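Engineer: Here it is, the structure, as structure tokens.
The values are calculated or read from the model by the stated rules, or taken from the named source; none is laboratory data. Everything quoted here is computed from the prediction, not taken from an experiment. Side chains included, ligands, DNA and RNA excluded: accessible areas come from the protein's heavy atoms. Shrake-Rupley method; radii C 1.70, N 1.55, O 1.52, S 1.80 Å.
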Amino acid sequence: MKRIKTSEDLQELHKRALEKKKERFVSISSGTCGQARGSQKIVDAFEKEAKGKIDIKITGCHGFCEAEPNIILFPEGIFYQHLKPEDVEGIVENTIILGKIIDKHLYKDPESGKPYIYQQDIPFYKVQKRHLLGNNPFIDPTNIDDYLAMDGYLSLAKALKISQDEIIENIKNAGLRGRGGAGFPTGKKWEMARKQAVSCQPSAVSYIICNADEGDPGAYMDRSLLEGNPHSVIEGMIIGAYAIGANEGWIYVRNEYPLAVKNVSIAIEQARELGFLGKDILGSGFDFDIRIARGAGAFVCGEETALIQSIEGKRGSPKQRPPYPVEKGLFGKPTNINNVETWANISQIIDKGAEWFSSIGTGTSKGTKIFSLVGKVKNTGLVEVPMGMTLREVIFDVGGGIPDGKKFKAVQTGGPSGGCIPEKLLDLPVDYDSLTKVGSIMGSGGMIVMDENTCMVDVAKYFLTFLQDESCGKCLSCRKGIQKMLEIVTDITEGKGKEEDLETLKDLAYVVKDTSLCGLGQTAPNPVL
């Protein structure tokens, strides 16, 4: 590949990528969830049966995990699900060559039995706004040409022609909030980082970090973005680094995500080879590169100060704040941290404008949010919806409701740090403020649905067990408090509980919440409360 040096070179690169783009192809969902269900065997069968008859694109997750292994036949958008390798010969002969629809491979409504031919008509997809995930079926994550053909890196070229302050103002006006947990305003964080960088010596080093340490049980949004469209995250990071004044970036991803590590490593090399990373990016005089740090799967390393300790080669445990990472972070230098989904939104805001982004969602929660919808729900998968959609709409309209005629009982949002929201609050809007008011959090976007057979005490016991294992042990209140809460809840599940245990649990929960150093301990009591 030839290294591009100007915007004109980029336009020429885009032109060539569009010329290579095939309108007719089969898109095979092959993220981690697809591979676990046998997608590689589907890939092998298509390469054997369809070679020369149709272009084959091996992509990241299409979102509808319950329907894996699945494919989409373009340009029509025909969606086939639950495929086996022996199905492929018939699909090639009948649908690809003759244009006939094979009814048995179609998604059918569980209640009415109505079949759906096209992806966009399936209820799971129909009510979503897939601004971040929608490109996955069109992109082979190991082929940068696919990303370029979807206008990839044009936002970067646009950003490099305007001032850093203007970029930050755009992000602030868009209303983008961090997608990794507490929802801190991204533009405000960037502004603080920019001021810190400007106030330092001109030669001073500052960093940005992509937090991909996704540890919540049942959550896999960040993993799927890195697996399916890694360049969207990389482009967002380059724009953010330019706006802040950082010259080095890190992607901290847990080693338990081998496909994400592989695809993002390939993407970084391709971006570097073409000149999107490295020295003098697009002739702007801006230098920036990205390195990967592999985490060992410690949940506490999702907390930013523990994550920084881990990158530095130390034991991942939280540190007292202030100073905040923006003042003194990685290797003691100013550092800005955002999570995967936050970075993936940046290029779209630069491309379509702050007004477009802020028109989606609610007054204080803008844009779309990706949730991993799992548990006792018919349509499990990755769901991308506008902020403010109600829990009922997500679980019943997108998720298809509760299987086997069971009643809905509760939904856990925000993972172990979140809370269980009961049936009476099903019409609650899903946004930062509404979830906080009822004692839960948005978190990174895990959404675990429970039916009438779920025991809420067992749920609390499960999350306490997880958090006890994952506590770094630095704070006595967290280390011993979670252990004691788990002992009490375990006694209750074994029939040894006493009425006064409930008051003890409540008192203990607030002590742990109020006296722990980091977010793990501060939110660990939420499932109990």
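Engineer: Rg and Dmax in Å for the range 170-235, alpha carbons only: what are they?
Structural biologist: 14.6, 44
Engineer: Enter the accessible area per residue of the chain (Å², integer; probe 1.4 Å; all protein chains in place).
Structural biologist: Roughly 41 Å² per residue, with all protein chains present.
Engineer: Then there's this: Can you bin the range 23-118 into rounded, prolate or oblate? Criterion: square roots of the alpha carbon gyration tensor eigenvalues sorted a ≥ b ≥ c, rounded for a/c under 1.5, prolate for a/b above b/c, oblate for the rest.
Structural biologist: The shape class here is oblate.
Engineer: Give me a comma-separated list of calculated 3J(HN,Hα) values for the range 70-84, in order, Karplus coefficients 6.51, -1.76, 1.60 applied at θ = phi - 60°, integers in Hz, x for any Gly or Pro.
Structural biologist: For the range 70-84, the Karplus curve yields 9, 9, 10, 9, 9, x, 5, x, 5, 10, 10, 10, 6, 7, 10 Hz.
Engineer: Which entries of Lys409/Lys506; Lys195/Lys437; Lys20/Lys378; Lys51/Lys104; Lys41/Lys104 show an alpha-carbon separation above 27 angstrom in the structure shown?
Structural biologist: Lys195/Lys437; Lys20/Lys378
Engineer: How big is the chain in terms of Cα radius of gyration and Dmax, in angstroms?
Structural biologist: Reported Rg and Dmax, both Å: 23.6, 74.
Engineer: Of the heavy-atom accessible surface of the chain (probe 1.4 angstrom), what whole percent is carbon and sulfur?
Structural biologist: Carbon with sulfur: 49 percent of the solvent-accessible area.
Engineer: Moving on to the next point. P(r) of the range 298-383 in 5 Å steps, Cα pairs, percent per bin?
Structural biologist: 3, 11, 15, 14, 13, 15, 17, 9, 2, 0
Engineer: Express the relative contact order of the range 249-303 as a whole percentage, based on alpha carbon pairs under 8 Å and six or more residues apart in sequence.
Structural biologist: 47 percent
Engineer: So what is the calculated 222 nm ellipticity per residue for the chain, using -39500 (n - 2.57) for each DSSP H run with n of 4 or more, over all residues, to the nearest 500 deg cm²/dmol?
Structural biologist: Helix-only estimate at 222 nm: -11000 deg cm²/dmol.
Engineer: Counting only protein chains, not ligands or nucleic acids, how are Asp44, Asp451 ordered by accessible area (probe 1.4 Å), most first?
Structural biologist: Ranked from most to least accessible, the order is Asp44, Asp451.
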